[in-house]
Amino acid sequence: MTKFTFIDLFAGIGGFHLGLEKNGGECLAFSEIAPNAIQAYCANLPLESYNNLGDITKIESLPQHDLLTAGVPCQSWSIAGKNLGFDDDRGQLWNDTIYLLNKARPKAFIFENVKGLADPRNELALKFILKRIKESGYHAKAHVINSYDYGVVQNRIRVYIVGFKEKQYFDKFKLPPVSPSNKKLYQVLDDLDIKDYSKRKFDPSNLFGKFVPMARTRFQKVDEVNDFFLFNDIRNGHSTIHSWDLEKVSNEEERICYLILKNRRKKVFGPRDGNPLSLNQLQSLDSSIKQSTLDRLVAKGILKIVNYAYNVKKKIIQDLSAKEEIVLSYKHGSLIHLDNLVLKNKSLVSNGVKFNSVLKGLQVKNIISPSEVRYEFKNSKISSGINGINRIYLPLSDVFSTLVASDTNDFVATKNVEFDNPNEYKSSFINQIYRKGEFRKISKSEACRIQGFPSDYKLQEGRTKWMKLIGNSVSVPVIERLGDSIIKTGVFRS
């Protein structure tokens, strides 16, 4: 086994460490500032707190080593974050990382970040990072990798920038061949009584019945039903659970819900990717729709009222805050349209303006008043789901969703769904799993396995604490495989 040394920046709980250690790597030091992460790192790995280099912004030099790793904080690029890139101070940590790379001159490096860094909206930022790396004298390429492809029962897409000081080794580097796990989700879960589990297969021509199929993914075969259920009101599919599936509604109420679902993304009703619709707009689609039906759907918590436009007083006597002045600057004539604020939300957020709360304050001051009411699904945010549930995965699923620091509203079913034909799939799930409460969140040991850590990895108690630690980590098997591919270039034998 080839021996090499490495330094672990933004070390977290040791995902890089574990993966590289399996390839013969010796960690000389690590850098981490989060107390819980430091405690977990030292409790599980053969390093002490005095081996911690501390805050990366204060490190001037590193011990000589062969490989540098860094899980650079991802908030600046994450879909879950504010997407401000280098406008966010945390994005500047890339500069500190590349500064230390240039100073230490290791033979190779692995930097990890979220998928968002490779998205088109961050194209210039990624090019800038790679340009800075090149200016430091390194040859590097960004690779988008799904942990599932390397034996992890998790759909986790991340960007890995792999680089070498010498071009000959960069040219030799190849991503490890894809080798998905043959395990199913239930095989990494605890306390499930699994008997004769096998996926049900059906004639594809009769698979979905009256339901519109979701876009197929790499994990879904055409002759199998989906192995998870998605709870939301703004998508549709044979395994999508809507709020009107869970509430007692009339045929007319259900029909209106599907009508809104079908038309809410049409540009004729607004510029957004999902527009609230007014009674008049709905009646243009179906003249029989009544205000009373919409009122009932609001009362049942399926629809919500959206103040789409506001009248602004011609003369404003009161003093305004800076944030109120910013929001009022978006008015056209005497009206503020919600769409204008939504489309400019990134600019508003960068100025610390949450326009919904500002609008409420302006209403209290009697400076604005609603002039147009529209209707939208109350459950209009996919990640929030319905009744605190985003997804429920069945035990036979090939994957679980991406583990994140803030936790998710994702659950696992504790038993399989029994049904005779695919048209019964959804109703069987609701009656056998959802209504009977046959689902739960994953445990700490299960989260560790899903990330490729030992199930007994020592992490602090308290779900918020350990979920943040494991959700911020890299998947261990991915690092192990990348490390092996780097070793195979011969870079550490030079």
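Values quoted throughout were computed directly from the atomic coordinates according to the rules given, and no laboratory measurement underlies them. Since this is a predicted model, take the numbers as computed values, not measurements. Cβ coordinates were reconstructed from backbone atoms using ideal geometry, including for glycine residues, and neighbour counts include every protein chain displayed.
For this structure, a couple of remarks:
- Counted residue by residue at 0.36 nm each, then reduced by the alpha carbon distance between them, the extension gain from residue 305 to residue 157 reaches 49.6 nm.
- Candidate cross-link partners of residue 248 among the aspartates and glutamates, defined by an alpha-carbon separation under 18 Å and a same-chain spacing of 8 or more, comprise 233, 295.
- For trypsin sites (Lys or Arg not before Pro), the sites in region 219-298 that DSSP calls loop and that have at most 16 other Cβ atoms within 10 Å are 221, 235, 248, 265, 266, 272, 290.
- Under 16 Å from residue 174, Cα to Cα: aspartates and glutamates that are on another chain or at least 8 residues apart: 149, 166, 480, 484
- Extension reserve of the residue 347-residue 371 stretch, reckoned as 0.36 nm per residue once the Cα distance is removed: 6.1 nm
- Rounded to 0.05, the FRET efficiency of the residue 268 and residue 384 pair, given R0 = 25 Å and the Cβ-Cβ distance, is 0.35.
- Cα-based Lys pair tally, region 255-326, threshold under 25 Å, eight or more apart or on separate chains: 12
- Of all lysines in the structure, those lying under 30 Å Cα to Cα from residue 167, and not within fewer than 8 positions of it along the same chain, are 3, 22, 103, 107, 115, 127, 131, 134, 141, 488.
- Approximating the spin labels as points 7 Å out from Cα along Cα→Cβ, the residue 123-to-residue 168 distance works out to 3.6 nm.
- Sites matching GluC sites (Glu not before Pro) across region 1-56 that sit in DSSP coil, with at most 15 neighbouring C-beta atoms within 10 Å: 48
- Extension gain, residue 259-residue 493: 0.36 nm per intervening residue step, less the Cα-Cα distance, totals 77.7 nm.
- Protection-proxy order for peptides 318-327, 335-344, each taking the mean of Cβ atoms within 10 Å per residue, highest first: 335-344, 318-327
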